[in-house]
Amino acid sequence: MPEPLMFAGLRAPGFVQPSAGATELAGSSAAISHVHEIVRRVAALDGNVLLIARRGCDAQSVAREIHARSPFGAHAFVSVVCGGAGVEQALFGDPVRPAPLDLEALSADSRVAAARGGTLFLEDATELPASVQARLARLTRDGEARIDGKPVPTAMRLIVSAPPGIDADVREHRFRSDVYRRVSTLRVDLPPLSERPGDVPDLAIRVLEDLSAVSGGRPRTFTQAALALLGAMSWPGNLAELRETVHRAASATEQDPIEIEHVLPTLRLDRAPHVFAPEGTLRDARQRFEHDYIAAVLQHHGWRMADAAQTLGIQRPNLYRKARQLGIPLARGPESE
């Protein structure tokens with residue numbers, strides 16, 4: 001089968017930040033910056049797109065970002081969850097079944113008909129039953145269909161999300177190779193949070209901002225120590241798991257900022273810590289650890305320098321100097337001795 005266009009090795013100079021809905025793209029790590037550039041280039045083209053997304057990644061927000069930036073962006077974005085009940089009727093409606101060698105038949109209330117001129121997003125495409133894959137193969141081959149009996153061009157872009165195992169599914173004939181070829185003209189691989197741990201604090205802040213906006217409440221944030229703790233977790237459930245954790249922590253208190261003691265009860269601490277992707281020198285890594293650890297100790301002691309210095313086993317003047325070197329702000333009100 002032909003190789004999909006993957007834009008290997010691109011970078012993102014001058015990339016315009018993602019729209020408000022693209023939570024999955026928040027962050028500034030090398031991994032997500034690479035995705036930013038691929039999304040920008042893919043959006044400018046008109047081919048179908050395959051999004052490789054692990055469990056819990058928000059592929060729909062990335063699909064919406066591609067749609068919004070694309071020539072299809074002025075038209076409808078229609079989303080279908082492929083593992084849901086009634087997916088065949090949702091996609092194609094309830095038309096009279098087509099005769100052999102004729103065009104695929106749709107009803108005017110189908111999701112495919114609604115997406116004409118715009119984008120149809122199929123979430124978790126490997127969950128599609130074989131019968132639906134066969135009809136999708138026909139539709140993507142012909143580029144037109146009969147809607148309530150009338151032949152019309154579909155004129156839409158397909159964006160499909162699937163787990164990394166889709167390649168094996170194609171080889172083992174669980175997913176049709178012809179459909180795969182037609183939906184993977186362009187391909188975007190979304191990195192899991194384990195490959196971009198430095199983005200977790202930005203993502204957590206973004207999720208909390210979204211939650212505040214939806215609830216109509218005041219904007220809230222996390223303390224440095226709480227963000228450091230979130231960044232140290234492995235997040236095998238990716239953004240969905242992080243989003244659930246942030247929602248639970250925000251619901252546990254009305255305090256602002258949300259502190260480490262509000263986050264701890266929401267976490268699963270029985271997992272091994274994630275293996276950090278090597279980034280920077282050993283000195284850089286040590287400075288990051290010192291920054292996060294000292295900030296956490298200061299937060300734990302209510303920013304009382306004497307108590308924090310005792311816990312850290314250093315003199316107060318040394319703690320002041322170290323905090324200034326690491327860029328830890330110390331303006332937290334009068335110090336308690």
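Quick notes on this one:
- Every residue from the stretch 46-72 that is farther than 21 Å from I166 by Cβ, of a type outside the set (D, E) and more than 20 Å from the chain's Cα centre (by Cα): P71, F72
- Against the criterion of being open to solvent by 10 Å² or more (accessible area, probe 1.4 Å), among the aromatic types (F, W, Y) and either within 24 Å of the chain's Cα centre (by Cα) or farther than 25 Å from R176 by Cα (or both), F121 does not qualify.
- Residues in the stretch 17-33 include at least one that is modelled with pLDDT of 85 or more and at positive phi.
- Filter result for A145 (open to solvent by less than 50 Å² (accessible area, probe 1.4 Å), in a strand (DSSP E or B) and modelled with pLDDT under 95): yes
- Count of the stretch 168-189 residues, restricted to those that are open to solvent by 70 Å² or more (accessible area, probe 1.4 Å) and without any contact (Cβ under 8 Å) to a residue 60 or more places away in the chain, is 5.
- Restricting attention to the stretch 217-255, the residues that are within 15 Å of Q299 (Cβ to Cβ) and open to solvent by 70 Å² or more (accessible area, probe 1.4 Å) total 1.
- Of the helices (runs of 4 or more DSSP H) contained entirely in the stretch 52-123, those carrying at least 1 residues that are closer than 27 Å to R243 by Cβ and among the β-branched types (V, I, T) fall at 59-69, 87-92.
- Evaluation of C57 against (1) touching a strand residue (DSSP E or B) at 6+ places or on another chain (Cβ under 7 Å); (2) surrounded by 22 or more Cβ atoms within 10 Å (Cβ to Cβ) (one fails), failing number: (1)
- Pairs, first on the phi < 0 side of the Ramachandran plot and small (G, A, S) in the stretch 57-79, second in a helix (DSSP H, G or I) and open to solvent by less than 30 Å² (accessible area, probe 1.4 Å), C-beta under 7 Å, six or more apart: S61/T23; S61/E24; S70/A43; G73/H67
- Selection count where residues are at pLDDT below 85, at negative phi and in a loop (DSSP other than H, G, I, E, B), scope the stretch 315-337: 9
- First in the stretch 227-241 and free of Cβ contacts under 8 Å to residues at least 40 places away in the same chain, second anywhere and open to solvent by 10 Å² or more (accessible area, probe 1.4 Å), Cβ under 6 Å, 6 or more apart: L227/P201
The values are calculated or read from the model by the stated rules, or taken from the named source; none is laboratory data. From a predicted model like this one, the values you see are computed outputs, not experimental measurements. When we count neighbours, we look across all protein chains shown, and the Cβ atoms used for this are built from the backbone with ideal geometry, even at glycine. Just so you know, the surface numbers come from the protein's heavy atoms only, side chains and all, with ligands and any DNA or RNA stripped out. Shrake-Rupley method; radii C 1.70, N 1.55, O 1.52, S 1.80 Å.
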